[in-house]
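> The structure is given below, and queries will be raised subsequently.
Values in this text are rule-based calculations from the coordinates and carry no lab data. The structure presented is a predicted model; accordingly, all values stated were derived computationally and were not measured. No Cβ is skipped: glycine too gets one built from the backbone with ideal geometry, and neighbour counts run over all protein chains shown.
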Amino acid sequence: MPEEQPTSQETLTLEPGTLWTSLTNQTAHALQCKALQSIPTESEFVEQDGISFLVRILSNLIRKDKAKQKQDKKATNSAKEFNPFLPYEEDLFVADISNTHLCLLNKFNVVDYHLLIVTRSFEEQETLLTLQDFEAMWRCLAEFEGLAFYNGGKIAGASQRHKHLQFVPLPLASNGLKIPIEPAIASARFKGTIGTIPSFPFVHAVARLDPLWAKSPLEAAAATSQCYHNLLRAVGWQGDESTRGNRQSGAYNLLATRQWMLLVPRSQEDFESISVNSLGFGGALLVRNEQQMQILKDFGPMNILKSVAQSQ
């Protein structure tokens, strides 16, 4: 279906209790018609500083690389950047979330049932998150337990300029933890509403969220937006950036569950060609081959995160 804005009389809201069914049904359809091109992986755990990092080895990136080359060619021919979300691919559409956001399948997913929470109208990925972004996030968090994350800019791992949050079901791994950094989050030390994690050797800030907020996404959005701006201030950035046209001060990764939200400013996109996005700071890293896996093991996953984040 072509991208359209709802009329003033029309309200597009996710019907509670339907997202998981829509997600699983659309995944089966998209796989059958080959719109969804999942990338197979092998995985193992690599431990450092008390965290068992889940490291996936991407066994076949040919299709994704070809798709990126095709996008770049389209952009060159049309003299503008190709946007896969305007219009979006119908076979990847999962659900309307709100008047401002909708859900799509991540075409080249590594994690099963990986959702993109996309703005209906074009917004830059490097603008600050809004009340509407957090409302859409909570409407998804209310449906099933998951990890929402945002790659704030290319340096933070964003591959598209069109604003989109991402959402994956929990647990991420089968080792008994919902997410690898759970022990680190549990060790956070708070001063007021903002905390830091002693074992994280880079600039970051964490805030507690209330799982009961999921019962009211609108109220949750307002409270979470306040937390978000507090986190920005905690890492030394101005929370209210209206003078900058709502653009962020720098690249960062943001991760959120029903219980907490973590923000990490970035300094560079990768370490020795190993790219890191928000999932890396959740304890889930991707490597393209055995050579990169060896680099990761030799250097250590936490040291890689330190290299791409900002020094304390």
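> Starting from 0.36 nm per residue, how many nanometres of slack lie between Leu131 and Glu42 once their C-alpha separation is accounted for?
28.3 nm
> A further question on this structure: What do you get for Rg/Rh of the stretch 125-184 when both radii come from the Cα atoms and Rh is the Kirkwood radius?
1.02
> At q = 0.18 Å⁻¹, what log₁₀ I(q)/I(0) does the stretch 180-293 have when each alpha carbon counts as one equal point scatterer in the Debye sum?
-1.00
> Once the Cα gyration tensor of the stretch 140-220 is found, what semi-axes does its equivalent ellipsoid get, as square roots of 5 times the eigenvalues, in whole Å, sorted largest first?
21, 19, 16
> How far is it, in nm, from the label point at Glu90 to the one at Asn289 when both lie 7 Å from their Cα along the line to the Cβ?
So the label points at Glu90 and Asn289 sit 4.0 nm apart.
> Separate question: Among Glu47, Glu123, which comes first, then next, by fewest other beta-carbon atoms within 10 Å?
Ranked by crowding around the Cβ, least crowded first: Glu47, Glu123.
> Along each principal axis of its Cα atoms, how long is the chain end to end? Whole angstroms, biggest number first, please.
51, 44, 40
> Then there's this: Could you order the peptides 138-145, 81-88 from most to least packed, using the average number of other C-beta atoms within 10 Å per residue?
Numbers: 138-145: 21.0, 81-88: 16.2.
Descending mean neighbour count gives 138-145, 81-88.
> Going down the table (Lys191/Lys306; Lys154/Lys191; Lys215/Lys306), which pairs top 29 Å between alpha carbons?
Too far apart for the 29 Å limit: Lys154/Lys191; Lys215/Lys306.
> Something else about it: Consider a paramagnetic label point 7 Å from the Cα of Arg247 along Cα→Cβ; state which residues of the stretch 124-156 have an amide N under 15 Å from it.
Of the residues in the stretch 124-156, 124-129, 153-155 have backbone N under 15 Å from the label point off Arg247.
> Here's another thing I want to ask about it. Suppose R0 equals 25 Å; then what is the FRET efficiency for Glu145 and Asn175 from their Cβ-Cβ distance, rounded to the nearest 0.05?
For Glu145 and Asn175, the calculated efficiency is 0.90.
> Comparing Ser216, Ser225, Ser278, which has the greatest mean-square fluctuation in the GNM of the chain with Cα pairs linked when under 10 Å apart?
Checking each option, the largest mean-square fluctuation is seen for Ser216.
> Quick one: pull the percentage of alpha-carbon pairs in the stretch 192-239 with a separation above 15 Å. Please list the in-between numbers first.
Details: 557 of 1128 pairs.
Summing the P(r) tail past 15 Å for the stretch 192-239 gives 49 percent.
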